[in-house]
Amino acid sequence: MKKGITLFLSVLILSVFFSGCARRDENVIVIGAADYTEQFILGYVMQILIDETTDFNTRLVSNLSNTVLFTAFTTGSVDLYIEYTGTIYGSFFGYTEIRTPDEVFQITRDGMRNRHNVRMLERIGFNNTYALAVRPDTAERFNLQTISDLARASPELTLGATIEFVNREDGLLGIQRVYGVNFRTVIPLQGALRYTALMNDEIQVTSAFSTDGMLLRHQLVVLEDDLAFFPPYHAVVMIREEIAERHPELVTVLNRLIGTLDDYSMRELNYRVDVLHESPQAVARSFLRNAGLIR
């Protein structure tokens with residue numbers, strides 16, 4: 001029943017949002033983006049890159065939930081957007097087996113082509129997966145560099161994490177099983193409250209995403225996932241095959257993004273928006289200029 005309601009709402013939102021788009025100009029490329037900072041930046045990165053280096057007109061459709069965005073893309077209302085391999089692998093395709101990043105990439109690439117006639121380009125470079133972070137003084141006091149180190153010290157430490165992380169098999173449940181962590185206390189916390197609690201020493205460990213700008217703001221130590229437990233969430237450009245075949249020059253332009261962003265550099269871009277309050281559009285343009293992709 002819940003799935004039916006979700007599907008109904010997705011279709012309803014799409015029908016309202018994209019009303020009037022049934023007769024589209026083929027030279028207008030519709031770019032999609034989800035509803036959080038990183039996606040806002042990446043949406044503008046693609047739009048500005050295409051606008052500045054091709055003759056195409058673009059339209060950016062952002063602030064969509066993952067489900068609505070994926071539905072819009074696979075039904076042809078959106079031509080291209082940046083997705084994450086782990087989201088496709090787990091959330092959209094339903095796989096649960098732990099596989100290497102290369103295996104996940106190949107499975108998702110083949111699946112998008114065979115199931116949805118979508119071309120997935122090579123990985124951009126950064127991996128926005130789960131992470132565990134601590135303050136530098138905590139890392140020094142307990143000699144923490146890896147999650148295996150954390151497992152040893154965990155009985156003396158309190159974890160503050162999102163409710164989702166606490167209850168996910170690819171979150172705390174799996175970490176307990178694979179690494180044997182046994183925290184003194186686990187406190188569910190949302191959003192910026194995690195970082196406030198961490199800086200106040202109310203918790204000593206927090207869950208994060210590896211490209212989170214708040215990691216940079218507080219100069220936190222991100223512990224190495226030395227057993228490669230967390231699933232890979234490599235960012236990839238996805239483009240409908242119909243568009244890729246009709247406009248190969250568009251693929252050439254988008255391929256220029258490959259290798260331009262690693263975890264730290266994406267973290268810096270998010271930091272500029274979330275902490276320094278720069279606009280996502282300005283940050284995207286600055287990144288493209290610094291990378292030599294536009295003038």
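Looking only at the range 129-160, filter to residues that are touching a Lys or Arg at 6+ places or on another chain (Cβ under 7 Å) and crowded, with 17+ Cβ neighbours inside 10 Å; which one of those is farthest from PHE209 (Cα to Cα)? The qualifying residue farthest from PHE209 (Cα to Cα) is LEU157. Any residue at all in the range 236-251 that is more than 30 Å from GLU97 (Cα to Cα), of a type in the set (Val, Ile, Thr), surrounded by fewer than 19 Cβ atoms within 10 Å (Cβ to Cβ) and without any contact (Cβ under 8 Å) to a residue 40 or more places away in the chain? No, the conditions are met nowhere in the range 236-251. The residue pairs whose first member lies in the range 280-295 and is without any contact (Cβ under 8 Å) to a residue 24 or more places away in the chain, whose second member is assigned to a loop (DSSP other than H, G, I, E, B), and whose beta carbons are closer than 8 Å, counting only pairs six or more residues apart or on different chains, are ARG289/ARG295. Restricted to the range 166-183, and to residues there that are in contact with a helix residue (DSSP H, G or I) (Cβ under 6 Å, 6 or more places away or on another chain) and over 18 Å from LEU227 (Cα atoms), the residue that is surrounded by the fewest Cβ atoms within 10 Å (Cβ to Cβ) is VAL166.
Is there a residue being within 15 Å of ILE50 (Cα to Cα), in contact with a Phe, Trp or Tyr (Cβ under 6 Å, 6 or more places away or on another chain) and either in the same structural domain as ASP110 (by TED's automatic domain parsing) or surrounded by fewer than 21 Cβ atoms within 10 Å (Cβ to Cβ) (or both) anywhere in the range 269-280? Talk me through it step by step, then tell me what you get.
Of all residues in the range 269-280, those within 15 Å of ILE50 (Cα to Cα) come to none.
Checked the range 269-280: no residue is within 15 Å of ILE50 (Cα to Cα), in contact with a Phe, Trp or Tyr (Cβ under 6 Å, 6 or more places away or on another chain) and either in the same structural domain as ASP110 (by TED's automatic domain parsing) or surrounded by fewer than 21 Cβ atoms within 10 Å (Cβ to Cβ) (or both).
Hey, among VAL237, VAL251, which residue is among the hydrophobic types (A, V, I, L, M, F, W, C), within 16 Å of ASN128 (Cα to Cα) and either touching a strand residue (DSSP E or B) at 6+ places or on another chain (Cβ under 7 Å) or modelled with pLDDT of 95 or more (or both)? Quick ask: steps written out before the conclusion?
Values: VAL251 fails: within 16 Å of ASN128 (Cα to Cα).
Sole residue among the options that is among the hydrophobic types (A, V, I, L, M, F, W, C), within 16 Å of ASN128 (Cα to Cα) and either touching a strand residue (DSSP E or B) at 6+ places or on another chain (Cβ under 7 Å) or modelled with pLDDT of 95 or more (or both): VAL237.
Which of the helices (runs of 4 or more DSSP H) found entirely inside the range 63-159 contain at least 2 residues meeting this: touching a residue at least 12 places away in the same chain (Cβ under 8 Å) and within 30 Å of ARG240 (Cα to Cα)?
On the way: elements: 66-74, 101-116, 136-142, 147-153.
It comes to 66-74, 101-116.
Total residues in the range 35-62 satisfying the condition of being part of a strand (DSSP E or B) and more than 21 Å from PHE209 (Cβ to Cβ): the figure is 5.
The values are calculated or read from the model by the stated rules, or taken from the named source; none is laboratory data. In this text, all values refer to a predicted model and were calculated from it rather than measured experimentally. Every residue, glycine among them, receives a Cβ derived from its backbone with ideal geometry; neighbour counts consider all protein chains shown.
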